[in-house]
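Working notes, structure below.
The values are calculated or read from the model by the stated rules, or taken from the named source; none is laboratory data. Every value quoted in this text rests on a predicted model; they were computed, and no experiment measured them. Quick reminder, even Gly has a Cβ in these numbers, built from the backbone with ideal geometry, and neighbours come from all protein chains shown. The protein model used for the area step is the full one, side chains on, heavy atoms only, and it has no ligands, DNA or RNA in it. Shrake-Rupley method; radii C 1.70, N 1.55, O 1.52, S 1.80 Å.
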Amino acid sequence: MAARIPVRLTAEQVSAAARGLSPHWKLAENSANLRRTFRFNDFTSAFGFMSRVALHAEKADHHPNWSNVYNTVEVTLWTHDADGLTQKDIDLATEMDKASSSAGLSE
């Protein structure tokens with residue numbers, strides 16, 4: 001059985017969903033992706049955050065595009081198969097907001 005491709009959200013749906021996220025998330029002009037920079041107190045806090053999110057992402061079968069340098073984690077979210085944002089991205093951004101609030105976020 002082939003995997004079901006998530007439905008790409010319309011610009012209006014993305015705008016509505018983004019209102020429920022931290023204001024630190026930035027929406028690309030064409031609503032193609034969400035971006036955020038997380039800054040933590042130290043490397044251990046940043047890595048702990050990534051570990052928590054990785055467990056959630058694996059269960060959701062939706063993985064972020066991210067990088068880590070010391071205490072900073074740069075994130076860009078979009079669904080490759082849908083060529084844009086889907087509910088999976090909104091859900092992962094919400095999970096990242098939750099995980100960051102308990103991980104020593106310095107913003």
Find the strands (runs of 3 or more DSSP E) located wholly in segment 1-99 whose residues include 2 or more that are surrounded by fewer than 16 Cβ atoms within 10 Å (Cβ to Cβ) and among the acidic types (Asp, Glu), and list them. none
Pairs under 7 Å by beta carbon, first residue over 12 Å from Leu77 (Cβ atoms) and β-branched (Val, Ile, Thr) in segment 17-45, partner open to solvent by 40 Å² or more (accessible area, probe 1.4 Å) and in a strand (DSSP E or B), six or more apart or different chains? Thr37/Glu74
